[in-house]
Amino acid sequence: MRQGIIQQALGSGNATGASSVVVAAASVRALGALFAELEPLVGVQGSRAMYARCLHLTRTSFQWPVSDDLVPRNELLDVVHDHLAVRSPADARRAAEALLDAFGNLLVSLIGEALTLRLLLSAWGDPAAGTPSLENKK
């Protein structure tokens, strides 16, 4: 189910033929929505720590940039956008999925599967229920 939620989060970035720029924009939207759900629960620093951990866990496969704790969140996400936008579309999609999946796995290890699913559904929508993708949410 988590994989379906991640696909929902990527929206048009997951579509066949989507460019790297589209994948990058969808990834930033997904991360922003996830941060919006996490920050009230674990604070800004907790969200950043989780983000840094997920980058670290996927760094060997995708050579993510090092997370800077002093950079504002929007600039932090700009770095991810820029990093994904220069990859091939398939590689950008794999990297984005790996980063979002790492977030899901980290959350499961901290709060369990049931609460993780609730948090991800709240952030990204429910593909089984036909919840609109992040691009269509107002």
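The values are calculated or read from the model by the stated rules, or taken from the named source; none is laboratory data. What you see is a predicted model, and the numbers here were worked out from it, not measured in a lab. Every residue, glycine among them, receives a Cβ derived from its backbone with ideal geometry; neighbour counts consider all protein chains shown. Areas reflect the complete protein model, heavy atoms only, side chains present, ligands, DNA and RNA absent. Shrake-Rupley method; radii C 1.70, N 1.55, O 1.52, S 1.80 Å.
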Looking for whichever is in a helix (DSSP H, G or I) and more than 21 Å from L106 (Cβ to Cβ) here; the options are V42, V23, V28. Which one fits? V23
Which one is nearest to the chain's Cα centre (by Cα), of the residues in region 1-21 that are over 20 Å from A128 (Cα atoms) and open to solvent by less than 40 Å² (accessible area, probe 1.4 Å)? S20
Answer residue from region 22-52, given it is within 14 Å of R94 (Cα to Cα) and not small (G, A, S) and is surrounded by the fewest Cβ atoms within 10 Å (Cβ to Cβ) among those: V22
Exactly one condition in (1) out of contact with any helix residue (DSSP H, G or I) (no Cβ under 9 Å at 6 or more places or on another chain); (2) open to solvent by less than 30 Å² (accessible area, probe 1.4 Å) is not met by T60; state its number. (2)
